[in-house]
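Undergrad: Submitted below is the structure of interest, expressed as structure tokens.
Values quoted throughout were computed directly from the atomic coordinates according to the rules given, and no laboratory measurement underlies them. Computed from a predicted model, the values in this text were never measured in an experiment. All Cβ positions, even for glycine, are placed from backbone atoms using ideal geometry, and neighbour counts span all protein chains on display.
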Number of protein chains: 2
Amino acid sequence: IRRSALPNLANLLKKTHPADIAHLFRYLDINEQRTLFHLIDDSDVAAEVLSEIEHSSSAQLLAQIDKDTIVEVLQAMPYDDSVDIIQNMPEELAEEILSSMHDDESEEIEQLMLYREDSAGGIMSTEFFCLNQDLSVQQAIAALQEAEDAEMVFYVYVVDDERHLIGVLSLRQLLTVPPQRLLRDIVDTEGLISVRVDTDQEEVAQLVAKYNILAIPVVDDQNHLLGIVTVDDVIDVMRQEATEDFYKMAGASEEELLYGFKSFKIARLRLPWLITNLFGGVITGYLMWLFRMTLEQIIALVSFVPVITGMGGNVGGQSATIVVRGFATGRIDFSTLRKVFFKELRVGIIMGLVCGLVVGLVAVLWHGNIYLGLVVAVAMATAMTVAATTGVLAPTFFKRIGVDPAIASSPFVQTANDITGILIYFSTATLFLDKLSS
Amino acid sequence: IRRSALPNLANLLKKTHPADIAHLFRYLDINEQRTLFHLIDDSDVAAEVLSEIEHSSSAQLLAQIDKDTIVEVLQAMPYDDSVDIIQNMPEELAEEILSSMHDDESEEIEQLMLYREDSAGGIMSTEFFCLNQDLSVQQAIAALQEAEDAEMVFYVYVVDDERHLIGVLSLRQLLTVPPQRLLRDIVDTEGLISVRVDTDQEEVAQLVAKYNILAIPVVDDQNHLLGIVTVDDVIDVMRQEATEDFYKMAGASEEELLYGFKSFKIARLRLPWLITNLFGGVITGYLMWLFRMTLEQIIALVSFVPVITGMGGNVGGQSATIVVRGFATGRIDFSTLRKVFFKELRVGIIMGLVCGLVVGLVAVLWHGNIYLGLVVAVAMATAMTVAATTGVLAPTFFKRIGVDPAIASSPFVQTANDITGILIYFSTATLFLDKLSS
């Protein structure tokens, strides 16, 4: 960015959507980011930009900016976003910032920081629009016209004198009833859907998706209205949860997104899973070593080791993926699991037979030994069938004992399948040893 | 379901949210489904239930229900949902149904069926609320109060006399301006975000998520307003696209969700990918066979084959997952790819060194041969580094040539890593052959 172009740039920024400005930050180094950020003179826009930037970059950026600007920008954004940003700061900076904010604002933020980050309380917005049930429709519309800051107004939450949630009205409903009626008489209390403040964010997202609503109210134990989770936050949650599952299934952690390009930290996150798999691989190797007498006699057996372990891993991975994703989307639960298990078993048998036949034929044609073909085919078919069932059972087991199936299934399924595949293959081969060597 | 309980059940259904009724269908067999469906006497509710049921079940269910009921229910639901359901019917039934509908409705549906299912046109709703720019705010509110069927009214789309899209107003904006002003004077035309009818649904979802909007207007080449995509459809799209990517990365296809528990059809979908991997495995085995002289002399080498191929696959899978997911969420694009490549390379080297050290130590302790330890360690470190780079390059290559990186990367990465792993391992071993056998 050249210095002379700065005024033009500032004008350009005024016409650019904050989300686009945030996107631009990805391509800039930290100095350019700082320059660009200071060019935004409207603190509302700066707030929106900052809340759209990824947390890993926003923490870096804030370290470069003077404290007063930070406070000003944080006060211009919704509380739930400033909580997110403050939680990602170094602790000292966070405390400093909180103490320079207005008392009521810092109190509200500290209150929100008590909720778990992945609970309804952690993602809810506290600037919503709620009205007392004793107001008339006319008064409600007047109040709506005056309200300034409420986020995404499309529902009006109706409460009683103690702020207990009574019901919800849509703006459109307000417009289509006589202006003199009281809110308490028109509000629909039956179909009211709300979540508790400690509900897991994934469950919140599933409810919003299931009932096609734009926002869900968040209440405490006594049904006091505390906030709302809006559909745009739900979209972020769903995307984040899907990314998390992708990473976990590959033995990575979505935490590494916070580390940007810091290789050592990222490697440290991935290594525990790899080392677990490494020992799984060593155990598989040890089993082959136990069968070395068989192997020494029929060296041709070695040519099918990669295909037998590999295919077991693939089939197991398919079944595990289907179960893990099924749990995540609510498509599979414990009551439908039996049917899923038998389906995967049948699919595993069919695919095992086909692949066994193919690889058996390859073995006969290649080594000219019909018994080798038989051994390979039987081992392949059995290994794939077993793999399909492990693929269903492992994630189910982990889910049952309260471990995230996405993280636990993959190394377990893979190691289990490698071991059973090798065992089946070499036992069959040892059984037919005299036929093979003739 | 007992016959005597039916009237009670019918009452219960009246109080149940359609989404919950749809959920219930999962646990019922086809006869129970039919009975339950006939108990719903409000065709609006029946329509909502039907559009929430998974397509695989709804097709089955419709085959059990008489044609007149189907037509009635389809006419009670938004066009985009009925299009989805009709597209999943057997062709004959679909034609029969279309010919018994009102002419204008079947025409509209046939028009919508022309758009690709995964384009903006395929998911848009045509029942939206649009007004001419020459109306006053007062007239607009009056029109709004009369409108009945429009889906999720929270934005008013403003068009000119030829139905060109001019801009968007929120309901709240309408309430906060003087009632005499014309829509053309208050509408914001600058920040208008719209998509073309042939835009890919994934891109539509990304725009809605990025700009935090509740609905995005869909226009044709000439900017005529054709429909809107609402945020609840976007949530479905995002979930569907994530599921699709999960399935593809495991070598399965989300198409199998349509087949329910039909094992043969599901096996047929998964087999092509497995067979490709099978031949990859056979090639790896062939390479080992080429090195059989080395192997016969040092049979201990075989004990590290599973761990070398396995770890290469794991590391490659991690890098590939990060790149594929990065492309899908827009976090990675071709301009940031260089940085990602070098990050994964560095991470691969670090993890390769650690794992190489560990497995080398295991080899020394186990077989008491320091040279074997060295060979295994070097091969492991090299194989893992190479695997990390393949994991980035393969999905990038497939993306570049227009193939979905999710489907193409996994078998390719795995086979490539097995082959390079084995080659590196056995070449190193052959090089040090006299040291190893001493």
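Undergrad: Take every DSSP beta bridge with both residues inside the protein assembly as shown and express the antiparallel ones as a percent of the total, to the nearest 5.
TA: Details: 30 of 40 bridges.
Among the beta bridges of the protein assembly as shown, antiparallel pairing accounts for roughly 75 percent.
Undergrad: Once you list every other residue whose beta carbon is under 15 Å from the beta carbon of A:Y425, what net charge do they have if Lys and Arg are +1 and Asp and Glu are -1?
TA: Numbers: positive: A:R292; negative: A:D418.
With Lys, Arg at +1 and Asp, Glu at -1, the net is 0.
Undergrad: Separate question: So for segment B:3-114, averaging the separation of alpha carbon pairs under 8 Å that are six or more residues apart and normalising by length, what relative contact order in percent results?
TA: Values: 78 pairs, mean separation 26.0, N = 112.
In percent, rounded to a whole number, it is 23.
Undergrad: Along the charge dipole of segment B:127-205, pointing to its positive end and built from +1/-1 on Cβ of Lys, Arg, Asp and Glu, which listed residue (B:I141, B:T189, B:V204) has its Cα farthest out?
TA: B:I141
Undergrad: Moving on to the next point. Enumerate the calculated ³J(HN,Hα) couplings along segment B:338-353 in order (Karplus 6.51 cos²θ - 1.76 cosθ + 1.60, θ = phi - 60°), each rounded to whole Hz, writing x wherever the residue is Gly or Pro.
TA: Karplus-based 3J(HN,Hα) across segment B:338-353 equals 4, 4, 5, 4, 5, 4, 5, 4, 4, 4, x, 5, 4, 5, x, 5 Hz.
Undergrad: Another one. Got the A:D198 label distances to the other copies yet, label 7 Å along Cα→Cβ, in nm, shortest first?
TA: When each copy's label point is compared with this one, the spacings are 5.5 nm.
Undergrad: When N is the residue count of the protein assembly as shown, what does its C-alpha Rg come to as a fraction of 2.2 N^0.38 Å? All intermediate terms of the calculation are to be shown ahead of the outcome.
TA: Numbers: Rg = 30.6 Å, N = 876, 2.2 N^0.38 = 28.9 Å.
Scaled against compact globular proteins, the figure is 1.06.
Undergrad: For chain B, give the magnitude of the charge dipole about the Cα centre (Cβ charges: +1 Lys/Arg, -1 Asp/Glu; no others), in debye to the nearest 20. If you can, show how the numbers build up before the last one.
TA: Numbers: 30 positive and 60 negative charges, 798 e Å.
Rounded to the nearest 20 debye, it is 3840 debye.
Undergrad: When the helices in the protein assembly as shown are scored as -39500 (n - 2.57) per DSSP H run of 4 or longer and the sum is shared across all residues, what 222 nm value do you end up with, to the nearest 500 deg cm²/dmol? Could the numbers behind the result be given before it?
TA: Details: 44 runs with 579 residues, N = 876.
The per-residue figure over the protein assembly as shown is -21000 deg cm²/dmol.
Undergrad: Using the 7 Å Cα-to-Cβ label point, sort the distances from A:R184 to its equivalents in the other copies shortest first and give them in nm to one decimal.
TA: When each copy's label point is compared with this one, the spacings are 4.8 nm.
Undergrad: Lys/Arg Cβ at +1, Asp/Glu Cβ at -1, dipole of the protein assembly as shown taken about the Cα centre: which of A:P178, A:A388, A:T230 is farthest positive-ward?
TA: A:A388
Undergrad: Now a separate question. Report, to the nearest 10°, how far helix B:305-329 tilts away from the longest principal axis of the Cα atoms in chain B, using its own Cα long axis and a range of 0 to 90°.
TA: Helix B:305-329 and the main axis of chain B meet at about 30 degrees.
Undergrad: How big, in percent, is the set of alpha carbon pairs in segment B:3-114 lying more than 21 Å apart? Before the final figure, lay out the partial values.
TA: Numbers: 2020 of 6216 pairs.
Above the 21 Å cut-off, segment B:3-114 has 32 percent of its Cα pairs.
Undergrad: Can you give the mean number of other chain Cβ atoms that lie within 10 Å of the Cβ atoms in peptide A:332-338? Don't skip to the end; give the middle numbers.
TA: Numbers: counts 1, 2, 0, 2, 2, 0, 0.
That average works out to 1.
Undergrad: Using a label point 7 angstrom from Cα along Cα-to-C-beta, what distances in nm, from shortest up, separate A:H164 from the other copies?
TA: 5.7
Undergrad: To the nearest whole number, what is the average tally of beta carbon atoms from other chains within 10 Å of the beta carbons of peptide B:266-277? Let's see the in-between values first.
TA: Values: counts 8, 9, 4, 1, 8, 6, 0, 2, 11, 6, 0, 7.
Per-residue shielding by partner chains comes out at 5.
Undergrad: Take the alpha-carbon centre of segment A:355-386, take the same for segment B:303-359, and report the distance between them in whole Å.
TA: Answer, in whole Å: 33.
Undergrad: Same structure again: So in segment A:130-233, what percent of DSSP beta bridges are antiparallel if you round to the nearest 5? Display every interim value, and only then the final one.
TA: Values: 13 of 18 bridges.
The antiparallel proportion sits near 70 percent.
Undergrad: Once both axes come from the Cα atoms, what is the angle between helix A:201-211 and the longest principal axis of chain A, in degrees from 0 to 90, rounded to 10?
TA: Around 80 degrees separate the two axes.
Undergrad: To the nearest 20 debye, what is the magnitude of the charge dipole of the protein assembly as shown about its Cα centre, counting +1 on the Cβ of each Lys and Arg and -1 on the Cβ of each Asp and Glu?
TA: Working: 60 positive and 120 negative charges, 1267 e Å.
Around 6080 debye, computed over the protein assembly as shown.
Undergrad: I would also like to ask the following. How big is the charge dipole of segment A:130-233 about its Cα centre, in debye rounded to the nearest 20, if each Lys and Arg gets +1 on its Cβ and each Asp and Glu gets -1 on its Cβ? Please list the in-between numbers first.
TA: Numbers: 6 positive and 19 negative charges, 109 e Å.
Computed charge dipole of segment A:130-233: roughly 520 debye.
Undergrad: When DSSP beta bridges are limited to those with both residues in chain B, what percentage is antiparallel, rounded to the nearest 5? Please report the intermediate quantities before stating the final value.
TA: Numbers: 15 of 20 bridges.
Bridges in chain B are about 75 percent antiparallel.
Undergrad: Now for a different question. Within a 10 angstrom radius of each residue's Cβ in A:312-321, how many Cβ atoms of other chains show up on average? Whole number is fine.
TA: On the way: counts 0, 6, 11, 5, 1, 6, 9, 3, 1, 8.
Averaged over the peptide's residues, the number is 5.
Undergrad: By per-residue mean of other Cβ atoms within 10 Å, what is the highest-first order of A:154-162, B:22-30? The partial results should precede the final answer.
TA: On the way: A:154-162: 18.4, B:22-30: 15.0.
Final packing ranking: A:154-162, B:22-30.
Undergrad: If you build the Cα gyration tensor of chain A and take the root of 5 times each eigenvalue, what three semi-axes come out, in whole angstrom, biggest first? Mind dumping the intermediate values first?
TA: On the way: eigenvalues 648, 176, 61 Å².
Semi-axis lengths for chain A are 57, 30, 17 Å.
Undergrad: How high is the relative contact order of chain B, in percent, counting Cα pairs under 8 Å that sit 6 or more residues apart? Write out the running numbers ahead of the final one.
TA: Details: 556 pairs, mean separation 48.4, N = 438.
Contact order relative to length: 11 percent.
Undergrad: Also, quick follow-up: Neighbour counts of other C-beta atoms within 10 Å: give me B:E256, A:E202, A:E32 arranged from fewest to most. Please report the intermediate quantities before stating the final value.
TA: Numbers: B:E256 21, A:E202 16, A:E32 13.
Least to most surrounded, the residues fall as A:E32, A:E202, B:E256.
Undergrad: Related question: So what is the relative contact order of segment A:254-437, in percent, for Cα pairs below 8 Å that sit 6 or more residues apart?
TA: Dividing the mean separation by the residue count of segment A:254-437 yields 31 percent.
Undergrad: May I pose another question? Taking square-rooted eigenvalues a ≥ b ≥ c of the alpha carbon gyration tensor, is segment A:130-233 rounded, prolate or oblate, where a/c under 1.5 means rounded and, failing that, a/b exceeding b/c means prolate?
TA: prolate
Undergrad: Using only C-alpha positions, report the orientation-averaged shadow area of the convex hull of segment A:348-417, nm², one decimal. Write down the numbers at each step before the final one.
TA: Numbers: hull surface 19.5 nm².
Reported value for the Cα convex hull: 4.9 nm².
Undergrad: Something else: Answer with one residue from A:I40, A:F246, A:T428: the one whose Cα lies farthest towards the positive end of the charge dipole of chain A, charges on Cβ with Lys, Arg +1 and Asp, Glu -1.
TA: Of the candidates, A:T428 comes out farthest on the positive side.
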